[in-house]
Every structure is written in C-alpha cells, then in structure tokens.
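Worksheet for the structure shown next.
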Amino acid sequence: MEQFLETYRPHLIYTAIVVGSYFTLRLLTNVFHNWLLKKEFKSFPNMSKRPIALIRRVLNVLWLILACIALSFLFVDREKDAELKSYFKLASYLGVLAVATIVAASATNVWFRVKIREKIVNHYDPTSYKFIRYVVVSAICFTGLLFGLLAFPSLRGVAQTALGGAGVIALIAGVASQEALSNLVGGVFIISFKPFKIGDVVKVTDTMIGTVTDITLRHTVIRNFENKMIIIPNSIINKEKLVNYDLGELKCCEHIEMNISYDSDIDVAKKILQEECENHPLIHDNRTQLEKNDAKPIVKTALTKINDSSITIRAWAWSANFGDSFNLKCDVFESAKKSFENNGIELAFPTRTVYLKTENEQEDEAVKASNDHDTDVETNSDSL
C-alpha cells in the first residue's frame, strides 16, 4: 500500500486537485446563482428566472467537462496531451461564449422590458419596443451561434462567410419562399405601418375578436373576451381585412335589431326600443348641433326588413367604445323584451301550419282522382 501511494502520489494529488477544483467551482456557481436570484428579485420582481438558471446549468456542465478532460491526462499517452489541451480550450471557449451570449441576451431583454414598462406607465405605445426586443435578442443569439461555429475548423468557413455578410444574403435568398421570412416581413410591416398596436381591440373574423397583447417576429397574439390566446402568423394577419375598434375615433354605433310579429304595432315597438336605448347610461349622444337644434332623437329607429314571418326593427345606438356597445346591446335586449311583453308587442318566432285530412276527405279525393282518370281514358278513346 505504501509502495502504491509512493508510486502514484503525484497522480493522486493531481486527481484531488481536479476533483476539489470541480466541487469548489460548482459550489461557487450555486452561491453566485442564489445571489443573482436575490438581486434580480429585488430589482425586477416580475422578470423570468430562467436565464439565471440556464447560466448555472451551463457552468456546471462546463466544470464537469473540464474536470473530465483534466483527469484524462492521467490515462492517455503523452503524445495525446496536445489534443487534450485543444479539447480543453474548445470546451472553455464554448462555455464562456454560451454564458456571454445568455448574459447579453438577458441584459438586452431586461433593458427593453424596463423601457416597455416606462412606455406603458407614461401612456405611450410600446409596440415598437416589443418588436425590436425580439429582433435584437435574436440577433445576439445568432451571432453567438456563429462565433461558436468558428471554433470548429470544418465549419469555420461557413461562419466567416456568414459574419462577412455574404452568408446572410445567401441565407435570406435561400429561405425567401419560406413561411418564416414572410412572417418576419409581415411583422416589420405591422410595426412600420401600424394597422394595429398592442392594446387595440381588433376583429379578424366573427369568432376572433380580442385585444392585441404581443407582436413577435413570427406571430401576433390576441386575447379574446373568453381570456383565450389566439396565435395568428404575421403573414396571415397581414392578408386579413381587420376591424380595429381603437383606430381613430373610439365611439361605436351598434345595430340593435328585434323581430316582431305582423300583428304588432310598429310605431309602439319603435318607440319602446328608442326609449330603452336612450335611457341606458352607456348611450352616447352622437347628434350634431344642428340635429340637436331640430330636436332630433338621440337614437334613430326604423323598420329595416320584412321577413317571411316577422318584421325587423332596428335602433342605431352609439356608445363611447366597443366594450360599452356590447354591454349596451345586451342590456337593451333584456329591457326591450320586458317592455314589449308589457305593451302587447309580440316577438316573432318560427311557425308552421299543419293540415290534417280526415278519412272521408281522403276517400273523396281518391274517388275524384279515379273519375278524372276514367274521363281522360274515354277522351283518348274518342280521339282514336
């Protein structure tokens, strides 16, 4: 045993130093990670903790790889030392590059988030900052990937060409027909021409109405009134005919229609619908000064359609915004129905009349049909 210790003493000391260094670095990494978490929580309580956790994982993996490479020097021939040193340098370079890329991307993301929050607090539009944030963070990650490729001789030419600019142009030309580029261009168009911005209420289709919550490089996120997130690619939403309820004037005209029966009094029904709309607290007086001077009503009502079994009357009710118009419409439907019932106005509903024939009527029809047939036969015989 003493001979073994004496023979391999340098190796054992080297192994102890490597293992001790590994656990020391791992401990320092965890301590640094906990310190960063407390620091970030104090400065940015709502920020994501994933970048810090990712940095810890990368460093722990880096220490493990470096420790394994360092221990490999004990088991290989001295001719392989140069190769192991190159692996050690490569792992160190990739680890440091990964940490630097994560730190740069995270710091940029935090800076943009702070600016976006300031915009929101000061009631400015944060849409451009949100979109540029995705562009800059993606550019940082892409640059880190290219510098990582420089570490591999077989891929160094590709990375240098891409960093030189020609590779970027070739990459764009290669994916010009792809959906990813069209979504990116669509996002740039949205930010440039601003058909809508974050916070606007938009209507894509009758089933897709909601508030724009985010515009990324690939898609636009809309939160509907059921609190569900609708993800629409930028290339698709650029082709749609949108209704933006927050673009320009916010006031909104709601068409409130009710179908009444033919027997109901049209004038009374129109008067009730008008009064119910005008008495609602969310109604907006959209009359011009001339209309006010002429004592025109706040809400206009008219008979707009004569259906198969009903008559449609409509009220043009204005509200301050789209949200108020929806609430106004729901409330008026309820109150108008109650008033119709109290004033003898019948709401139309589908009806069907069924005629039932007795057995005597069926026999009479059969006899009549038989007589008609015999008469036709005699007429044809006389003709012959």
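Taking the stated definitions as given, is residue 100 assigned to a helix (DSSP H, G or I), in the same structural domain as residue 146 (by TED's automatic domain parsing) and buried (at least 16 other Cβ atoms within 10 Å of the Cβ)?
So residue 100 does not fit the description; no.
May I ask you to list the residues in segment 228-255 that are at pLDDT 90 or above and loosely packed, with under 11 Cβ neighbours inside 10 Å?
Listed by number, the list holds a single entry, 228.
For segment 267-286, enumerate the residues that are of a type in the set (A, V, I, L, M) and either surrounded by fewer than 15 Cβ atoms within 10 Å (Cβ to Cβ) or within 30 Å of residue 205 (Cβ to Cβ) (or both).
If the condition is that a residue be of a type in the set (A, V, I, L, M) and either surrounded by fewer than 15 Cβ atoms within 10 Å (Cβ to Cβ) or within 30 Å of residue 205 (Cβ to Cβ) (or both), then 273, 282, 283 are the ones that fit.
Would you please list the contacts, defined by Cβ atoms under 9 Å and residues six or more apart or on different chains, that run from a residue in segment 120-147 that is over 20 Å from residue 97 (Cα atoms) to a residue that is among the polar types (S, T, N, Q)?
Close Cβ pairs satisfying both conditions: 130/216; 131/216; 133/108; 133/109; 134/216.
I'd like to check which helices (runs of 4 or more DSSP H) are fully inside segment 174-290 and have at least 1 residues that are more than 27 Å from residue 329 (Cβ to Cβ) and of a type in the set (D, E, K, R).
179-193
Give me the residue from segment 308-324 that is touching a residue at least 24 places away in the same chain (Cβ under 8 Å) and more than 26 Å from residue 225 (Cα to Cα) and, out of that set, farthest from the chain's Cα centre (by Cα).
Only one residue fits best here, namely 309.
The values are calculated or read from the model by the stated rules, or taken from the named source; none is laboratory data. Not measured: the values here are computed from a predicted model. Neighbour counts run over all protein chains shown; Cβ positions are idealised from the backbone, glycine included.
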